[in-house]
Structures are given as structure tokens and as C-alpha cells.
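Trainee: Before we start, here is the structure in question, set down as C-alpha cells.
The values are calculated or read from the model by the stated rules, or taken from the named source; none is laboratory data. As the structure is a computational prediction, the values presented were derived from the model and not from experiment. For neighbour counting, all protein chains shown are included, and Cβ atoms are generated from backbone atoms with ideal geometry for every residue, glycine included.
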């Protein structure tokens, strides 16, 4: 097995008295697609925030390509190769779609001028946004805002992309195209950590799956084995049969 | 003809106000900081040019070659050392910090230069002009000040729209955390924005100091006019600031045409009227939430 690209070891995070992450460890190989499922409030987004430096953990370390990045900020980690999409899209509303991607390409990769513009354009092509490149990002509909999150994350030239529920809100017909896009990332050697409630999309792409609940790793391993785990069925999948459907609930 | 003259002089004065207000507008637009030390910093620049004039015999405009980079450097350090910390303390902290800074700077100037009135001399440029018609003439100096104001606003606008750093500034203004996720070092971008703002306020300070007398307390009036121009035009919008400056200048010009004592008052009244009718200003920025 190759050396891991991302190595998270014993990460803990508390907000006040609430423990959001407790001794979470995971490692992702270069080009690997790694999935995370779990009920709402399990700490999935918090884990991504710790990985990309928006939050700093109370315990544990985050290593990227062997280097300890636990104390470096989000901007530095982005330049080091971690791209991130938000669950609730946060476009720069006053700028055009192209400018949004251009900022990501300019500062994420350090490219300038023509190289930055080409990088931004490629990211828009991958995300299927070239048709609205000159539209102000604030005027996009939800689906395109989600695509823009992906495009911006890709434009930063990442070796690792953290995707936070990008399939939420897509129609069933749109999911296969997204699955193909994420697969393509793997073919280009980009590793993916993907949080998703649309489990069938996730299983179609990821080689390993982790179930997180109450901030702890409940199970991790081959996707179908994890989904068949009785504990996972009880805390996560079991609830789909209940009154609140997490597939819908996960959509902002 | 005196009315036409009042409007023309008001427009030119408005260009100068826009020059003064540009930096205030930029700092608010990018960092949401209302820099209450903005006026005093313009006065600091004027004293800088005064000292250079006395020591080296430099013309005020030549002194700008030294004063502008010095003020930009002060701006960079001010943001890094003081305002960044203040920003972490919530919305009120930057207001208090810049207010305190204004008081400190004003008193340092008072210690160093006393309360005497000073004036920068720009030679014949300050008094000559071109006569358009009976009762209507345009002074070269007010014209140059207004054109500089327009040029600075246009330059800043182009910088924000077209350059790498300018786009990062707009992104960080929109959503600093999302900008960091794109690899933008928002602290550095903020420091560059404050450096630019202080570079423009240095130019403004020298024009103000050459236009009329100044003393260490002149920052307060300067701040009020700049603030009024920014608010009339719409917070965070650069071209709005130019429009706001011109509205304020014309109001003051027309007020003064009625009675010289009414000039400043007329400006304040128009400011209040705009606040009452269009509280977000005449040209609110689309970006500002």
C-alpha cells in the first residue's frame, strides 16, 4: 500500500461541553475515494473543517503527505492541496461565476494571468458551468451554486478534495453525471473525501466508507460491509424508515 | 451666473471630497471597518509634506513621492498590528480602536507642531485659473484636485475589477472564510487594502493642506465630510463615493452661494435628507449584504 496522502490521527473537538469529535482517525491514499456517512449532528462537517483548517482540533493531528498541518491555517492548507466544498453553498455573490473560479485558481495554485484563467475554465467545464460563466454567482439557482462549490474546490488544483453533500438537492437523473465527475477525479489522481446522504451515489464511487455517530467512528471499511453492519443499520440507515428521512433532511 | 459658478465649484470640491473619502470607502467595503482615524491620517500626511517642504525644500506634490509610500507602509503595519486584532474583537472593537488612534495621533501632532494653523504652498498653481465667462472661472488647483479624485476612484475600481489581488479583496469582502478555502490569505489582503487606502489618504491630505489651512484638530471635519460622501453615495461602493462627494460639494457650494455661512450646513442637511429617504445611499453596492 502506498503512503497515505491524508492521515488523521486521534482527532477530538469540543464546542463548550459538547463533544463533537472524539478520537477520530482515518487515512486516505492518493487518488482514493473515501466516503463518510452518519446521522445529522454526527460531526461529519466538523471533521472536514478540522481536515482543511477552518477549525483547529483540541486533540490529535492532521498530516498531509506526511507533513503535520494541524496548526496551519485554511489558506495554507488549500495551497498545500486540500480543496473543499461547502454543504450550504457560499459563492462570492458579487462576482461572476468565472471570477469565483478564477480566485480559486489564482490563489489555490499560485498561477497567474493566462494559466490561472485556463485553470478556472477547466474547473467550470468539469462542473458543467461554462454556460453561466459570466452570470453573477449570487443569481445562480441552487443546483448551479452546488456545482460552483465543486468548481471552486477543483480550481484550487487539489490533491485531496473534501466534498460536503454535493448530491443533496439533485434529481435522480442528475446523480449519475455527478458520480462520473467524482470518478474522473480519482482517475486524475485526486483523492476524495465525500460526505453524502445520497448513499447509492456514494457507494458507486468510494472504495472505503466510514460511519460516524456522536463524533465517534462506528465502522469503517468496504462500503457494503459497513452498510450491512447491524450497528450502522440501527443508528443511521434504520432511521430512514422512521419519520424523518435523512436523504431529505440533509438538503439545506 | 453665480448659481452656475456655485454648481461648478461644488462639483470640483466634490471631486476633492471623493479623493478624501476613497480610502474610507475601500476600508469599509473590504473589511467593514469604519476608520474613525481616517481624517487625522489625512492631516498626518499633510504634516509629513510640510516637514519635507521645510527640511528639503520639496514642493508638496514632490513630497508625495515620499509621503505616499510612507503612509502605505503605515497602513500595512496598522492593519497587521492593530486592526486585525480589533477585527477579532467583534464589530465595535475596530470603531473604538480607530477612535482611540485618532485621539492619540491628534495629540501627537499637537505636541510636535502646536495648534498653529499651517498651509502647504503649491506656488502660483494655488491661485491661478482659467476664466470661462463673466463670474465663472475654474482654478487650476481645484480642477487638479477633482481630476485626481476621479482618477483615484477609477484606478481603485479598475484594480478591484481586473487584478488578482483586487479580486481576492472582493472575495474576502464577500466571505472571508470561503476566501481562505480558495487559498486567499485574507490577513495579507486586508493589509494591502489598508495600505492602498492610506496611500490615497496621503494624496488627499496634501491636497487638503494646500487648499486651506490645517491644524492638528482638522481631522474631525475631514472625517465628517468623507463619511458624508461615503454614506450619501452608498456604503462600500467606490463610484457611489464619487457621486456622494459631488452631491455634498454641490450642496455646500449652493448653500454658500445663498450665504457663505450656510455652506457646510447645507451639506449636512442634504446628508440627513439622503439618510432619511434612502438610508442605504444613492448607489448601494450590490455586494453589501
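Trainee: Say whether the condition of being touching a residue at least 24 places away in the same chain (Cβ under 8 Å), assigned to a helix (DSSP H, G or I) and under 15 Å from the mean Cα position of the chain (by Cα) is met by at least one residue in segment B:127-146.
Mentor: Yes; the residues of segment B:127-146 include at least one that is touching a residue at least 24 places away in the same chain (Cβ under 8 Å), assigned to a helix (DSSP H, G or I) and under 15 Å from the mean Cα position of the chain (by Cα).
Trainee: Considering only residues that are within 11 Å of chain B (Cβ to nearest Cβ) and free of Cβ contacts under 8 Å to residues at least 40 places away in the same chain, which ones fall in segment A:62-78?
Mentor: Within segment A:62-78, A:73, A:74, A:75, A:76, A:77 qualify.
Trainee: Is one or more of the residues making up segment A:88-110 within 30 Å of residue A:232 (Cβ to Cβ), in contact with a strand residue (DSSP E or B) (Cβ under 6 Å, 6 or more places away or on another chain) and either surrounded by fewer than 22 Cβ atoms within 10 Å (Cβ to Cβ) or without any contact (Cβ under 8 Å) to a residue 12 or more places away in the chain (or both)?
Mentor: no
This table checks each residue for (1) modelled with pLDDT under 90; (2) part of a helix (DSSP H, G or I).
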position: A:153; (1), (2): no, yes
position: A:158; (1), (2): no, no
position: A:163; (1), (2): no, no
position: A:172; (1), (2): yes, no
position: A:176; (1), (2): yes, yes
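Trainee: Across segment B:178-219, which residue is farthest from the other protein chains (Cβ to nearest Cβ) among those that are touching a residue at least 60 places away in the same chain (Cβ under 8 Å), under 30 Å from residue A:162 (Cα atoms) and crowded, with 24+ Cβ neighbours inside 10 Å?
Mentor: So the residue we want is B:190.
Trainee: Any residue that is assigned to a strand (DSSP E or B), surrounded by fewer than 23 Cβ atoms within 10 Å (Cβ to Cβ) and touching a helix residue (DSSP H, G or I) at 6+ places or on another chain (Cβ under 9 Å) - is there at least one of those in segment A:130-145?
Mentor: The answer is yes; a qualifying residue exists.
Trainee: Exactly one condition in (1) facing chain B (nearest Cβ under 8 Å); (2) part of a loop (DSSP other than H, G, I, E, B) is false for residue A:107; which is it?
Mentor: (2)
Trainee: Pick from B:242, B:248, B:272: which is more than 25 Å from residue B:87 (Cα to Cα) and over 17 Å from the mean Cα position of the chain (by Cα)?
Mentor: After ruling out the rest, the residue left standing is B:272.
Trainee: Take the residues in segment A:110-129 that are assigned to a loop (DSSP other than H, G, I, E, B) and within 13 Å of chain B (Cβ to nearest Cβ), then tell me which one is farthest from residue A:76 (Cα to Cα).
Mentor: The extreme case among them is A:112.
Trainee: Looking at segment A:32-61, which of its residues are within 11 Å of chain B (Cβ to nearest Cβ), free of Cβ contacts under 8 Å to residues at least 40 places away in the same chain and within 30 Å of residue A:231 (Cα to Cα)?
Mentor: A:49
Trainee: Looking only at residues that are free of Cβ contacts under 8 Å to residues at least 60 places away in the same chain and touching a strand residue (DSSP E or B) at 6+ places or on another chain (Cβ under 7 Å) in segment A:201-221, which one is surrounded by the most Cβ atoms within 10 Å (Cβ to Cβ)?
Mentor: Across segment A:201-221, the extreme among qualifying residues is A:219.
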